[in-house]
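**Student:** Could you have a look at this structure, given as structure tokens, before my questions?
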Amino acid sequence: MRYVVILLLGILLGGGAAIFFLGAPRAQLMQGQAVQPPAQGGNPPGTVVIALEQSFIDAVLAATFSGLGTPTFQLGQNRNGSERLEEALFQGGCTNSITLLPEGSGVKTGVQLRNGNVNAPMAFTGSYNLAGCMQFKGWAQSSIKLSFDQEKQTVFGYVTVEGVNLEGVNPIANTLVTSFVQGAINQRVNPLVLVSEPQLSLMIPVKASNGTVKARATDVRAEVLDGSLKLYLTYEFMGVKGEGT
């Protein structure tokens with residue numbers, strides 16, 4: 001009876017009460033600073049520009065689905081991975097998970113670079129046991145924001161689910177499923193490591209001087225064009241004696 005009351009409260013309050021019991025999506029604190037557009041006055045000295053084309057990103061996603069399988073995330077867990085509700089609630093054969101699909105509901109999962117934004121539509125299917133097994137499928141409209149942590153020398157991406165479109169489900173359930181999807185992404189996906197320290201760092205051996213020129217990124221900026229993403233990496237350089245090879 002308690003779970004029926006929770007469901008009714010969720011319907012009456014637009015999903016708010018049910019989200020309280022199930023666990024609202026936790027906003028991930030962004031590591032580092034949000035990546036800004038390129039400076040108006042031109043690039044400072046020591047800047048390298050890297051361009052990622054749409055075709056490259058599409059190839060990476062295609063290899064992920066074909067070579068690694070469809071990503072699946074568990075639902076209804078807190079940060080420690082333990083269930084928020086009693087075990088009895090999850091009985092009945094429901095997987096309590098969401099699985100990303102390469103394509104579904106007329107939408108292809110991918111990353112779209114257009115109009116200055118990085119968008120990520122995601123097709124999915126899943127189920128959740130709440131006063132009975134709720135099967136759902138549809139697609140989510142998401143966006144990706146970039147940040148740069150200078151100390152960690154890493155560029156991160158943060159996915160935010162902005163809306164969920166379901167097939168054959170009462171629109172009232174949108175609020176619940178949006179919470180499930182965002183919660184799963186917060187716990188299992190965010191933050192995305194887009195460029196790590198080994199990829200970002202530079203080291204140029206100078207044998208004649210028995211040393212090495214090392215470079216450390218001090219700033220990262222991004223420009224989203226239609227079909228491409230440009231990263232502007234600004235470095236500071238230093239010479240280190242005795243490390244030449």
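**Student:** What residue, of Leu225, Leu231, is touching a residue at least 40 places away in the same chain (Cβ under 8 Å), hydrophobic (A, V, I, L, M, F, W, C) and surrounded by fewer than 18 Cβ atoms within 10 Å (Cβ to Cβ)?
**Tutor:** Criteria check complete, one pass: Leu225.
**Student:** While we're here: Looking at Gln150, Gln199, can you tell me which residue is of a type in the set (S, T, N, Q) and touching a residue at least 40 places away in the same chain (Cβ under 8 Å)?
**Tutor:** Being of a type in the set (S, T, N, Q) and touching a residue at least 40 places away in the same chain (Cβ under 8 Å) holds for just one of Gln150, Gln199, which is Gln150.
**Student:** Something else about it: Report, by residue number, each residue of the stretch 170-199 that is over 20 Å from the mean Cα position of the chain (by Cα) and either surrounded by 19 or more Cβ atoms within 10 Å (Cβ to Cβ) or modelled with pLDDT of 85 or more (or both).
**Tutor:** Correct list: Ala173, Pro198.
**Student:** A follow-up question, please. Pick out the one residue from Glu243, Glu162, Glu167 that is among the charged types (D, E, K, R), farther than 30 Å from Gly104 by Cα and at pLDDT below 90.
**Tutor:** Glu243
**Student:** So which residues in the stretch 67-98 are among the hydroxyl-bearing types (Ser, Thr, Tyr) and modelled with pLDDT under 60, if there are any at all?
**Tutor:** Residue satisfying the conditions is Ser82 alone.
**Student:** Name every residue in the stretch 194-211 that is closer than 22 Å to Val159 by Cβ and assigned to a helix (DSSP H, G or I), in order of residue number.
**Tutor:** Glu197, Gln199, Leu200
**Student:** Still on this structure, please answer the following. With respect to Lys207, is the statement that it is among the basic types (Lys, Arg), touching a Ser or Thr at 6+ places or on another chain (Cβ under 9 Å), touching a residue at least 24 places away in the same chain (Cβ under 8 Å) and surrounded by 15 or more Cβ atoms within 10 Å (Cβ to Cβ) true?
**Tutor:** No: the conditions fail for Lys207.
**Student:** Which of (1) on the phi > 0 side of the Ramachandran plot; (2) part of a strand (DSSP E or B) is the odd one out, the single condition Leu229 does not satisfy?
**Tutor:** (1)
**Student:** On the basis of being buried (at least 21 other Cβ atoms within 10 Å of the Cβ), touching a residue at least 24 places away in the same chain (Cβ under 8 Å) and either polar (S, T, N, Q) or part of a strand (DSSP E or B) (or both), does Gly157 make the cut?
**Tutor:** no
**Student:** Right, another one. Give me the residue from the stretch 29-66 that is polar (S, T, N, Q), part of a loop (DSSP other than H, G, I, E, B) and under 25 Å from Glu151 (Cα atoms) and, out of that set, modelled with the highest pLDDT.
**Tutor:** So, considering only residues that are polar (S, T, N, Q), part of a loop (DSSP other than H, G, I, E, B) and under 25 Å from Glu151 (Cα atoms), the one modelled with the highest pLDDT is Asn43.
**Student:** Turning to a different aspect of this structure: Return the total of residues in the stretch 168-188 being in contact with a Phe, Trp or Tyr (Cβ under 9 Å, 6 or more places away or on another chain) and over 14 Å from Ile98 (Cβ atoms).
**Tutor:** So the count comes out to 1.
**Student:** Could you please let me know if Glu151 is among the acidic types (Asp, Glu), surrounded by fewer than 17 Cβ atoms within 10 Å (Cβ to Cβ) and not in a strand (DSSP E or B)?
**Tutor:** Against the criterion (among the acidic types (Asp, Glu), surrounded by fewer than 17 Cβ atoms within 10 Å (Cβ to Cβ) and not in a strand (DSSP E or B)), Glu151 qualifies.
The values are calculated or read from the model by the stated rules, or taken from the named source; none is laboratory data. Small disclaimer: the values here were computed from a predicted structure and weren't measured. Positions of Cβ are generated from backbone atoms using ideal geometry, with glycine treated the same way; all protein chains shown enter the neighbour counts.
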